[in-house]
Amino acid sequence: MKGELTIGDLARRSGVATSALRFYESRGLIHAERNLSGHRRYLRSVLRRVAFIVFAQRVGLTLDEVGAELAKLPENRVPQSEHWARLSRGWTTRIDARIAELERLKAGLTGCISCGCLSLEKCRLANPDDRAARQGPGPLFWGGAPRRDVRSPL
């Protein structure tokens, strides 16, 4: 038992709720051994896996994607820093896309939050006769969608 963590210990050390840890275990993302009384015991190396899961979710990976990434780690030994680095190298594009999306949202907040364009009263030049409505519902231009035939020639 030395060097092993209870689920409560793992939750405190990782900052992740015990319910989430049980869920991760049910999805096969982490593994616990059971002691004679049936209580979960985690190896200390599971802390790194939990940290990886939390970080990967913040980057935008789904739990299925996280599982696929974790499956690339060596099974018979504790992963080293080069293994973790290899997993995260491919995320640069995804992070850059998230940053670009946040920049678009920031620009929308400092400009006109209703422009997307959903306002007939304020955006008669950008959206004459509600032409954007022909392209579908919602704030069409926030997600980076091009404005197709919306602006009128001045």
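Any read-out appearing in this document is the output of simple, stated calculations on the displayed coordinates, not a laboratory observation. Since this is a predicted model, take the numbers as computed values, not measurements. All Cβ positions, even for glycine, are placed from backbone atoms using ideal geometry, and neighbour counts span all protein chains on display.
Is the shape of segment 1-100 best called rounded, prolate or oblate, per the rule: a/c under 1.5 gives rounded, else a/b larger than b/c gives prolate, else oblate, with a ≥ b ≥ c the square roots of the Cα gyration tensor eigenvalues?
The shape class here is prolate.
So how far, in whole Å, is the C-alpha centre of segment 1-27 from the one of segment 35-99?
Taking the Cα centre of segment 35-99 as reference, the centre of segment 1-27 is 14 Å away.
Taking 30 Å as R0, compute the FRET efficiency from the Cβ-Cβ separation of E65 and R13 and round it to 0.05.
Computed FRET efficiency for E65 and R13 comes out at 0.75.
I want to check the label-to-label distance for I99 and H83. Put each point 7 Å from Cα in the C-beta direction and report it in nm to one decimal.
Result for the modelled spin labels: 2.9 nm.
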